[in-house]
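**Q** Below is one structure. I have some questions about it.
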């Protein structure tokens, strides 16, 4: 059925339709209220950039399940790999009796991640789990305890990763106390750095490292963890050269540099990893989301001496590196390589940036368009002089997009950023149609709110 889905939006009912509304009633009665629903159109199938709901509506997907289905829903290579693998072997737990797909995925990660040094990998289930294990590894290897994270960071929803995550609502509120020895410093956020973009370029690195020195102490710091392009925080891109300077500073002080590439990895930014754009080689890198075409898989990859310092049994988990998920990852990576999806991400980025910049020329509520590759954001403000966040307008635009059958996502610590994460397999025609709908939604919301 998936191959027959026309790559075009089609609405046959209002959104959500009657079948989706009935399913939502069941959801409210059965599922914790803590698990929210952004657009309650219940999806039954999908292919590339189209999602089909229970009422037969075809929605344009600008979210990819939050950067997960980068190779597209229903990718033929992934479907075949999963079908073949699940017919052969579903699970044993790699720590009990191992299997080749786990090893193959680790070999691929060791080869693809930044740096030509000797590496090792370990597989897990989710991005948060990968981050937790990266912290464990860093503390074990260095003998230090302090972990430094950044304002606007998002690293997960477990107790330790919530301590690293910056945003209170909905993630952290009333869930504490959180794990200790976690410290936060300002992010090099050019659009909102005191003094502006130029001041951020010249001052941010010194200010941030001075804060670590004064409040934590380099000799106490096991690792600095950073998203090379922040995800949930608003697709914040630090100034050119900042990441490399930070990595060199870490190396000088025996601090491990952890790149959290859970959202930015696997061709999303126009390179295999966001670190590649500046030649930054992290000591440890965490990956998940786009790694396996929608199957749950995550990883920590790092220097062999660091990864091999952990005692046997110190890493692992019952489901981590499940053979079916590993098969999906190998097929996803094959697709990215064979179909040139890094290059495709760059082309998508040019289209998105061009159209959104044009929108900004017409509407002063567009504060900034930023990002890289197919990871592009637009920050909305009430006016460009004060740069006051326009959270209400952002929510209104999002609602208008959903009513038109365009699946969109917002983000940002201040609730005022749109993020664009279409599948890397989306066609130019479908991308253009989605952007037309976004512009209509934007104009409607501006007219209603002002």
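Where a number appears in this text, it was derived from the coordinates with a stated rule and is not lab data. Worth saying up front: this structure is predicted, and the values here are computed from it rather than measured. Cβ sites come from the backbone with ideal geometry, for glycine too, and all protein chains shown count toward neighbours.
**Q** Residue 311: in contact with a helix residue (DSSP H, G or I) (Cβ under 9 Å, 6 or more places away or on another chain) and without any contact (Cβ under 8 Å) to a residue 24 or more places away in the chain, yes or no?
**A** So residue 311 passes the test.
**Q** Oh, and also: If you take just the helices (runs of 4 or more DSSP H) that sit entirely in the range 280-374, which of them hold at least 2 residues that are within 21 Å of the chain's Cα centre (by Cα)?
**A** In the range 280-374, 323-338, 341-362 are the helices (runs of 4 or more DSSP H) which contain 2 or more residues that are within 21 Å of the chain's Cα centre (by Cα).
**Q** Could you identify the single residue in 157, 139, 120, 184 that is on the phi < 0 side of the Ramachandran plot and part of a loop (DSSP other than H, G, I, E, B)?
**A** Result of the check over 157, 139, 120, 184: 157.
Residue-by-condition table, conditions (1) part of a loop (DSSP other than H, G, I, E, B); (2) under 24 Å from the mean Cα position of the chain (by Cα); (3) within 17 Å of residue 403 (Cβ to Cβ):
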residue: 20; (1), (2), (3): no, no, yes
residue: 25; (1), (2), (3): no, no, no
residue: 28; (1), (2), (3): no, no, no
residue: 38; (1), (2), (3): yes, yes, yes
residue: 44; (1), (2), (3): no, yes, no
residue: 65; (1), (2), (3): no, yes, no
residue: 71; (1), (2), (3): yes, yes, no
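**Q** When you check residue 74 against the structure, is it under 29 Å from residue 330 (Cα atoms) and surrounded by 21 or more Cβ atoms within 10 Å (Cβ to Cβ), yes or no?
**A** The answer is no for residue 74.
**Q** Could you tell me how many of the residues in the range 331-366 are crowded, with 20+ Cβ neighbours inside 10 Å and within 30 Å of residue 96 (Cα to Cα)?
**A** Of the residues in the range 331-366, 3 are crowded, with 20+ Cβ neighbours inside 10 Å and within 30 Å of residue 96 (Cα to Cα).
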